[in-house]
């Protein structure tokens with residue numbers, strides 16, 4: 001995510017400049033500061049869902065007409081966090097004859113897309129990223145990206161996945177080494193990770209590297225603070241007493257103070273947790289895709305089923321097209337293809353799934369989809385994305401100050 005003071009005279013740049021200035025002041029008094037959720041004001045930031053375009057409805061959508069219009073347009077480039085975008089783009093080209101180039105971009109994609117739009121030099125015609133609050137606050141609200149849901153899919157999606165379009169779901173999962181601990185996760189309650197027994201032996205990707213972490217914390221504090229408080233009471237046998245705004249703030253602060261091992265990414269966490277031959281491997285946080293290392297590297301990563309209050313969190317990806325693209329129909333057709341069963345087949349083996357009932361999930365060798373169906377992962381909420389976006393710096397400062 002990129003929160004930056006921008007000198008261009010636009011409504012969006014003004015909002016971002018004010019946001020940075022305000023958050024800098026807020027950080028000074030962080031210990032006594034609560035996000036809007038803690039004071040009950042989050043509803044003031046509820047998103048306004050725009051009216052549907054005609055081709056976002058079942059009656060107004062015509063795939064043949066979209067294909068015909070798309071094939072008259074030029075090539076497209078797709079920005080995505082996964083390297084699988086190269087294969088998806090190639091399959092799209094093979095199917096429709098429209099040249100498409102997939103480019104993997106894991107960081108700073110919002111800033112790149114914004115600058116391309118300002119320069120009237122759009123390179124990324126389609127953008128896929130898990131920085132959902134940033135896409136909403138920086139790009140959709142400023143008209144830099146356009147949200148579009150395929151009309152033949154709209155009615156098969158829950159409302160939470162329609163604006164912004166959540167093209168795929170991905171679970172960030174607390175994981176243990178099954179070679180050492182067998183079929184039973186060694187941790188039953190999330191608060192155990194803040195105790196001395198796990199001091200220095202919790203492995204996580206750097207929470208400051210991607211906003212998915214702060215978004216998960218903010219949504220937990222706003223929507224699930226009671227569950228974290230109940231988990232505390234269950235673990236310690238007494239109610240939580242804290243000066244922090246919520247039980248989630250207290251948990252994040254205690255985890256930061258418990259000397260967790262910080263890694264560059266979840267691939268490194270997978271190495272630390274799942275590698276064979278360990279005596280006391282760490283307990284770690286990673287995405288479901290890293291369970292493929294069990295087969296590829298002989299690792300023993302396993303999801304911590306039954307962890308209270310959640311075994312992880314939903315971190316979905318959103319997909320939209322550049323408003324200034326010269327190939328809007330080709331961009332729409334790519335979104336249709338990427339979210340279809342055919343397109344999803346490229347990424348579902350990595351533990352990702354569709355929000356649409358039209359797309360059947362793949363096999364579930366690690367039980368991740370079954371855990372999702374059982375409600376074991378913290379759900380993603382698109383209702384207060386401005387709140388999630390605004391509080392990013394606040395959570396990062398809490399993490400830094402606690403460490």
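The values are calculated or read from the model by the stated rules, or taken from the named source; none is laboratory data. Being a predicted model, the structure only gives us computed values, none of them experimental. Cβ: placed from backbone, ideal geometry, glycine included. Neighbour counts: every protein chain shown.
Within segment 162-178, is there a residue that is out of contact with any strand residue (DSSP E or B) (no Cβ under 6 Å at 6 or more places or on another chain) and in a helix (DSSP H, G or I)?
No, there is no match, as no residue in segment 162-178 is out of contact with any strand residue (DSSP E or B) (no Cβ under 6 Å at 6 or more places or on another chain) and in a helix (DSSP H, G or I).
Hey, can you tell me all the residues within segment 267-287 that are buried (at least 24 other Cβ atoms within 10 Å of the Cβ) and part of a helix (DSSP H, G or I)?
269, 270, 273, 274
Would you mind listing the strands (runs of 3 or more DSSP E) fully within segment 295-340 where at least 3 residues are crowded, with 23+ Cβ neighbours inside 10 Å and modelled with pLDDT of 95 or more?
Details: elements: 301-303, 312-314, 317-322.
Result: 301-303, 317-322.
Looking at segment 57-86 only, could you name the residues that are over 24 Å from the mean Cα position of the chain (by Cα) and outside any loop (DSSP other than H, G, I, E, B)?
To start, the set of residues in segment 57-86 that are over 24 Å from the mean Cα position of the chain (by Cα) comprises 57-76.
Selection gives 63, 64, 65, 66, 67, 68, 69, 70, 76.
Filter segment 179-199 for residues that are in contact with a strand residue (DSSP E or B) (Cβ under 7 Å, 6 or more places away or on another chain) and either in the same structural domain as residue 126 (by TED's automatic domain parsing) or surrounded by fewer than 19 Cβ atoms within 10 Å (Cβ to Cβ) (or both) and give the result. Don't jump to the end; show me each part of the working.
Residues of segment 179-199 that are in contact with a strand residue (DSSP E or B) (Cβ under 7 Å, 6 or more places away or on another chain), as a first pass: 185-190, 193, 198.
Within segment 179-199, 186, 188, 189, 198 meet the criteria.
Checking residue 209 against (1) over 29 Å from residue 339 (Cα atoms); (2) modelled with pLDDT under 95, which single condition isn't satisfied?
(1)
How many of the residues making up segment 92-105 are in contact (Cβ under 8 Å) with a residue 24 or more places away in the chain, touching a strand residue (DSSP E or B) at 6+ places or on another chain (Cβ under 9 Å) and not in a strand (DSSP E or B)?
4
Can you pull out the residues in segment 147-157 that are assigned to a loop (DSSP other than H, G, I, E, B) and more than 18 Å from residue 116 (Cα to Cα)?
Taking segment 147-157 as the starting set, the residues that turn out to be assigned to a loop (DSSP other than H, G, I, E, B) are 147-153, 157.
Hits for segment 147-157 are 148, 149, 150, 151, 152, 153, 157.
Return the residues of segment 107-146 that are surrounded by fewer than 21 Cβ atoms within 10 Å (Cβ to Cβ), in a loop (DSSP other than H, G, I, E, B) and in contact with a strand residue (DSSP E or B) (Cβ under 7 Å, 6 or more places away or on another chain); say none if nothing qualifies.
122, 123
Tally time: how many residues in segment 344-369 are surrounded by fewer than 23 Cβ atoms within 10 Å (Cβ to Cβ) and in a helix (DSSP H, G or I)?
Selection size over segment 344-369: 4.
Select from segment 147-161 the residues that are crowded, with 24+ Cβ neighbours inside 10 Å and in contact with a strand residue (DSSP E or B) (Cβ under 7 Å, 6 or more places away or on another chain) and list them in ascending order.
Within segment 147-161, just 149 meets the criteria.
Quick one: which residue in 114, 87 is in the same structural domain as residue 350 (by TED's automatic domain parsing) and over 18 Å from residue 317 (Cβ atoms)?
Numbers: 87 fails: over 18 Å from residue 317 (Cβ atoms).
Checking each option against the conditions leaves just 114.
Could you list, in sequence order, all residues of segment 372-402 that are in contact (Cβ under 8 Å) with a residue 40 or more places away in the chain and either outside any helix (DSSP H, G or I) or touching a strand residue (DSSP E or B) at 6+ places or on another chain (Cβ under 6 Å) (or both)?
Across segment 372-402, the qualifying residues are 376, 377, 378, 379, 380, 381, 382, 383, 384, 391.
Anything in segment 229-266 that is at negative phi, assigned to a loop (DSSP other than H, G, I, E, B) and touching a residue at least 24 places away in the same chain (Cβ under 8 Å)? List them, or say none.
Residues satisfying the conditions are 243, 244, 245, 246, 258, 260, 264, 265.
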